[in-house]
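Presented below is the structure to which this report refers.
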Amino acid sequence: MNDKPPSTSGTGGTGLFARIKRAFKGDPWSREEIHDFIQQSEIGLDAEEKSMLSGVLEVSETQVRDVMVPRSHMVVIDIDEDFDEIMSRIVQSGHSRFPVIGEDRDEVLGVLLAKDLLRYFGSEESEDVPLRKLLRPVSVIPESKRLNALLKEFRDSHNHMAIVVDEYGGVAGLLTIEDVLEEIVGEIDDEHDREEVAFIRPDGDKNGKPTFAVRALTRIEDFNEFFECELGDEEYDTIGGLVMHELGRLPRRGEMVQFGGFRFAVVKADKRRIDSLQVQRSA
């Protein structure tokens, strides 16, 4: 292999891919060598370009189970719910697509798009919405599927959501095209996300105890004030940093840790940071 650093001079364009093409002339490089080169390169890559290229490399090695929204955190709609209940859940969650279930979460009947309910909003027809007729086909994938293969499947099928099943056929979670893209380009914030930055809000209850949705960037002092507690903030500024410290690493979605009288469940995270948590008092 040619150990000399790639030249940054010459012709052939100055765009990102032109610079990369010039850099990798010569013998083939391994994935690890490419990753190291991207992080240490002198071909003019900025931090955002380095992060994106590293994400492209990682996406072919990442499995669905590593980034999916776990079963317990899926926002679903019951086929027997009435229109008002469905609309309340849509507004509260801010999502645009929802798995619709039958008797339990292992029976996913299809996917409901929020926009398909607009025609019924404020009309007399809302009392008799033909929900089954509005369902889109559901895409079912195994936990072991690679993200690059799933991204191609999303593109070819025009589906933006897939239900993830485990080896026994039970529903393990779900994944959207946004989740896959975030592994490449980093967190994608929409208008709903921006409204919730550094915000703590009620999130229903679990086992008879109230739960709260907490952004990982919430400052520890704000968390302490809201919950009237005294979590330490000497070494870390945010609740996400404290959770990472307690685990000793960046956690995956669905992982839980308990300390300071609270149970923290990771709702949303990528390979770079935690985004949101579900918090419940443990005592």
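What follows is calculated from the coordinates using simple rules that are stated; it is not laboratory data. Here the structure is a predicted model, which means the values were calculated and not measured. Note that we place each Cβ from the backbone using ideal geometry, even for glycine, and neighbour counts take in every protein chain shown.
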The relative contact order of the range 191-281, taking Cα pairs under 8 Å that sit 6 or more residues apart, comes to a percentage of 26 percent
Using only C-alpha atoms and all pairs of different ones, pull out the Kirkwood radius for the range 64-185 in Å with one decimal.
-> 15.1 Å
Considering amide H positions built from the backbone, and no H for Pro or chain starts, which residues 5 or more places from Lys268, or on another chain, come under 5 Å of its amide H?
-> Asp275, Ser276
Net charge over other residues, Cβ less than 10 angstrom from the Cβ of Arg253 (K, R count +1; D, E count -1) | -2
Please list 122-129, 160-167 highest first by mean number of surrounding beta-carbon atoms within 10 Å per residue.
-> 160-167, 122-129
What are the residues whose amide H is under 5 Å from the amide H of Asp203, where those residues sit 5 or more places off or on another chain and H is modelled from the backbone?
-> Thr211, Phe212, Ala213
Can you sort Tyr168, Tyr120 so the residue with the fewest Cβ neighbours within 10 Å comes first?
-> Tyr168, Tyr120
Report the local net charge at Val111: Lys and Arg +1, Asp and Glu -1, summed over other residues whose C-beta lies under 13 Å from its C-beta.
-> +3
